[in-house]
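Only the coordinates and a few stated rules stand behind these numbers; no lab work does. Just so it is clear, the structure is predicted and the values come from calculations on it, not from any experiment. Cβ placement follows ideal geometry from the backbone for every residue including glycine, while neighbour counts extend to all protein chains displayed.
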Amino acid sequence: MRDLTPELLADTPTSRCLFYRQICGLAAGVDPASGRITVRVGSVSAVTMPADLGQIIKAHMRIRQYALGPIISHPRSQRWTFIVRPDLPDDVPLFSELFRLNVTVARFGAQIALPSPTDRHAGLRIWIEPPRDTLRPSGVAVVDAIRACVGIRPPGAGR
């Protein structure tokens, strides 16, 4: 059995990062100066949108029994970030379509800030759906849900 040190039992940036890495499969790291925990886009990606749209997308996906995976709230900016599989094409028309909806896709190499114990009182980032394992929804499925909820047909769809 593994020896649990007090640091692993306490909720610290280091213990939280360890949980993200070992249980959730997120290649996270801690900035020692700030306690901020980040993961680079590569093995995961992110789709960020206004919180009101995020609530609609979450409900849409849940009703259709899609796996949600981790969702982060940014209370100050009133935005939500869906952590997704990196299966969206690097496609200017797609990014333009989403930009008009105030939705962004994190580009390869960008850093995603994850909730950290140091954020708790600052209200910077909180989990709407915390990671529990390595499950991530498809980025394509999230974009399809956005399109369905706002009434946009995907490019090339028959009319």
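Within the chain, DSSP assigns beta bridges of which about 95% are antiparallel (rounded to the nearest 5). Extension gain for Gln22-Ser34 works out to 2.1 nm (0.36 nm per residue, less the C-alpha to C-alpha distance).
Panel order for Ile126, Ile146, by other beta carbons found within 10 Å of each beta carbon, from fewest to most: Ile126, Ile146. The range 1-98: which trypsin sites (Lys or Arg not before Pro) are DSSP loop and have at most 14 other beta-carbon atoms within 10 angstrom? The qualifying sites are Arg2, Arg64, Arg76. Here Val41, Val105 are placed in order of increasing Cβ neighbour count within 10 Å, fewest first, which gives Val41, Val105. The length gained on full extension between Arg147 and Arg132, counted as 0.36 nm times the residue separation minus their Cα-Cα distance, comes to 2.7 nm. From the Cα gyration tensor of the range 109-149, with a ≥ b ≥ c the square roots of its eigenvalues, which class applies: rounded if a/c is under 1.5, or else prolate if a/b is larger than b/c, or else oblate? Judged from the Cα gyration tensor, the range 109-149 comes out prolate (a/c at least 1.5, a/b above b/c).
Evaluating 6.51 cos²θ - 1.76 cosθ + 1.60 at θ = phi - 60° for every residue in the range 100-107, the Karplus couplings come out as 4, 9, 6, 10, 10, 10, 5, 7 Hz, glycine and proline recorded as x. Applied to the range 33-46, the Karplus parametrisation 6.51 cos²θ - 1.76 cosθ + 1.60 on θ = phi - 60° returns per-residue 3J(HN,Hα) values of 6, 9, x, 6, 10, 9, 9, 7, 5, x, 7, 9, 9, 8 Hz, with x for Gly and Pro. Using a ≥ b ≥ c from the Cα gyration tensor of the chain (square roots of the eigenvalues), is it rounded, prolate or oblate, where a/c under 1.5 gives rounded and otherwise the larger of a/b and b/c decides, a/b for prolate? It comes out prolate by the Cα gyration axes.
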